[in-house]
1. Given the criterion farther than 30 Å from ILE97 by Cα, in contact with a Cys (Cβ under 9 Å, 6 or more places away or on another chain) and either surrounded by 10 or more Cβ atoms within 10 Å (Cβ to Cβ) or at pLDDT below 90 (or both), identify the matching residue among LYS22, LYS13, LYS71.
2. Residues in segment 42-61: is at least one surrounded by 13 or more Cβ atoms within 10 Å (Cβ to Cβ), under 30 Å from MET1 (Cβ atoms) and among the hydrophobic types (A, V, I, L, M, F, W, C)?
3. Starting from segment 38-55, take each residue that is closer than 19 Å to VAL82 by Cβ and list its partners that are surrounded by 15 or more Cβ atoms within 10 Å (Cβ to Cβ) and of a type in the set (A, V, I, L, M), counting only C-beta distances under 8 angstrom and pairs at least six apart or across chains.
4. Which numbered condition trips up GLY49, out of (1) at positive phi; (2) modelled with pLDDT of 90 or more?
Amino acid sequence: MQCISCGKKLTEKDKICPKCGKKQPLAENENITRFPLLKSLSPIFLLIGLVLVPLGLTGIAFLIFISIQEKISVLRFIIGLVNILFVTALPFILAYIFKQIK
Ligand SMILES: [Zn+2]
């Protein structure tokens, strides 16, 4: 543990820095997230992801339907599929990333 002001090494018991007199944050505060707003976005992304899953499945079904009807190329089919999967998975990825924020 170091002084937040001058960087002097402190013991866990030092609530005030003996060198510069700066009041130190409590040790348990270290577990509190520094970006609570960003971290709180995680469940929102999760919710968006859950909403997008049925839409994604519908999109894939639609893509398969179109590819049968219109005989689109395999490449276009794959690009469409990857796009749908990416858009569906993105909120889950963001939710995971934002959950990791400390
Ligand atoms: Zn200090």
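1. On the way: LYS13 fails: in contact with a Cys (Cβ under 9 Å, 6 or more places away or on another chain); LYS71 fails: in contact with a Cys (Cβ under 9 Å, 6 or more places away or on another chain).
Among LYS22, LYS13, LYS71, only LYS22 is farther than 30 Å from ILE97 by Cα, in contact with a Cys (Cβ under 9 Å, 6 or more places away or on another chain) and either surrounded by 10 or more Cβ atoms within 10 Å (Cβ to Cβ) or at pLDDT below 90 (or both).
2. There is no residue in segment 42-61 that is surrounded by 13 or more Cβ atoms within 10 Å (Cβ to Cβ), under 30 Å from MET1 (Cβ atoms) and among the hydrophobic types (A, V, I, L, M, F, W, C).
3. What qualifies is GLY49/ALA95.
4. Going through (1) at positive phi; (2) modelled with pLDDT of 90 or more one by one, GLY49 breaks only (1).
The values are calculated or read from the model by the stated rules, or taken from the named source; none is laboratory data. Everything numeric here is computed off the predicted structure, so don't read it as measured data. Every residue, glycine as well, gets a Cβ built from its backbone with ideal geometry; the counts of neighbours run over all protein chains shown.
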